[in-house]
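The values are calculated or read from the model by the stated rules, or taken from the named source; none is laboratory data. None of these values were measured; they are calculated from a predicted model. Cβ: placed from backbone, ideal geometry, glycine included. Neighbour counts: every protein chain shown.
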Amino acid sequence: MRRLPRRSEALQLLRSYVRSLERRRLGASAEVREAICRHIVDLVALAITTHGAMGESSLSAVADARLSAALGQIAQSFDEPGLTVAVVARDQGISTRYLQRLIETTGTSFTARVSELRLQRAFTLLTEARDGACRISDIALQVGFSDISHFNRLFRTRFGDTPSGILGRGRRT
Amino acid sequence: MFNLDFEPMPDTLFRSSFVPIFDALRIARSAFSPGFTFRDKDLVKDGDEAFGLVISGSRSLDITHQGRDLSLGLGDATLMHISAIGSVGSRQNFGYIDSALRV
């Protein structure tokens, strides 16, 4: 029996992978469950045997755990205006290009993913702001947009209506 | 998950929580009041032969297993053989994530 130190990169990835399982509460298919089992066993094996940094490993368990950790960070901090791919890559200890490649495997880009989360949150806030002393610019800032006209443009493209249109609809109902 | 027993520290109220995370590998997050979870010679007769990975959720987690003592800090981990007797605990409130791996 020996101690696997918390600084072990594989153990850090494993902890982050388990946290993401905990957050998502997957009612996963047999295929997905099997993949999760494989990833965890691979990460445990790495934690036992790897002492140095794993770099940009192509091992699926490592890549998946890195992606999961990055997506978790994005989901938690998308409303910070300063969130960039470089910030997330630095926090996860990987290169910007590698993080971009990982996120592209989900069928979207870093920017598109962050924008989608911000727009969805803005939509929710606008539809909830029925009685209110609520300004669209405040909501845009609150969800992480620092440029209001950029927010308006993206919002209209995404939802087919302007933020003020959604806000007005909410207030009328 | 595993068959475990618990020995509380004297004069402490027993409290525990248990949150399953992923059934297929018996991953769960557990927390306890001061004391020790353990598997003794009777419990290991259940035939469970998996390896247990224990990730400490406490600043100090004391482990006794296969004749050795080990102390884990927050985020450290170790592997234990579930078919061997051993204990995991602390004199403070403690918690850990464990899972069972078959090889």
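Quick notes
- For region B:19-43, a residue qualifies if it is surrounded by fewer than 14 Cβ atoms within 10 Å (Cβ to Cβ) and either away from chain A (no Cβ under 13 Å) or of a type in the set (A, V, I, L, M) (or both), and the qualifying residues are B:19, B:40, B:41, B:42.
- Failed item in (1) farther than 20 Å from residue A:17 by Cα; (2) not in a loop (DSSP other than H, G, I, E, B), with residue A:161 passing the rest: (2)
- Residues of region B:44-97 that turn out to be closer than 15 Å to residue A:2 by Cβ, at the interface with chain A (Cβ under 8 Å from one of its Cβ atoms) and among the hydrophobic types (A, V, I, L, M, F, W, C), as a count: 8
- Matching residues in region A:111-158 - criterion: being farther than 21 Å from residue A:71 by Cα, assigned to a helix (DSSP H, G or I) and of a type in the set (S, T, N, Q): A:127, A:137, A:149, A:152, A:157
- The criterion of at least 2 residues that are among the β-branched types (Val, Ile, Thr) is met, among strands (runs of 3 or more DSSP E) falling completely within region B:1-64, by B:16-22, B:51-56.
- Matching residues, region B:62-89, being buried (at least 19 other Cβ atoms within 10 Å of the Cβ) and farther than 17 Å from residue B:39 by Cβ: B:72, B:76, B:77
- Of A:115, A:164, A:149, A:137, all but one fail to be modelled with pLDDT of 95 or more and on the phi < 0 side of the Ramachandran plot; the exception is A:115.
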